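Please treat every number below as a calculation from the coordinates, not as lab data. Quantities reported herein were computed from a predicted structural model and do not represent experimental measurements. Cβ: placed from backbone, ideal geometry, glycine included. Neighbour counts: every protein chain shown.
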Amino acid sequence: MNRWFVVIVAYIISLPCFANPAFAGQHEPTRQSAQLSQILLYQGFVGENIGKDICYSISADNRREFQNIIDRHNLRIRGMYTAIRCNGLTLLQFAIIAEAADTGLLLTRNLPIRLILEHDDNGHSILEWAETTGYGNSPIIRAIRERT
């Protein structure tokens, strides 16, 4: 469905009234384009709710709900890890702070180690971040160290 969604958005953007303001009076947006803009808004709203649900399931350390969200929305953990931030932190950092060992260990097992050890926005890897913030003895950090 996402591929069709992108194709439809690309088509709507290519219409003269959207591409060039000089054609604004010559081509009126159709009812179909109005419905598409509502779909665009709905897609953004749904994505925001999914992100909130994921962060909530991590903070509650509810591994089963976390997996259900992934399955229900056909998500990949790799894509989620780079796209979703909980309180400005990566999913693993948030799981460490929330002491969500089950969910954090699930993330640690399913993410590629190169993605886990990437530097965040501040230029620190997760191991450096854990040492500087005092979370070096977390079970999640121990599992990461075992994988490396």
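Short version: ³J(HN,Hα) in whole Hz for each residue of region 51-68, in order, from phi by Karplus 6.51 cos²θ - 1.76 cosθ + 1.60 (θ = phi - 60°), x for Gly and Pro, what are they?
So the J values, rounded to whole Hz, are x, 5, 5, 5, 4, 5, 5, 5, 5, 8, 6, 9, 4, 5, 5, 4, 5, 5.
Compactness ratio of region 31-147: Cα Rg over 2.2 N^0.38 Å, N = residue count?
On the way: Rg = 15.9 Å, N = 117, 2.2 N^0.38 = 13.4 Å.
Computed over Cα atoms of region 31-147, the ratio equals 1.19.
Tell me the Rg and the Dmax, in Å, that the Cα atoms of region 60-115 produce.
10.5, 27
Most exposed first by the Cβ proxy, i.e. fewest other Cβ within 10 Å, how do 119, 73 rank? List each step's numbers first, then the result.
Working: 119 11, 73 14.
With the sparsest Cβ surroundings first, the list reads 119, 73.
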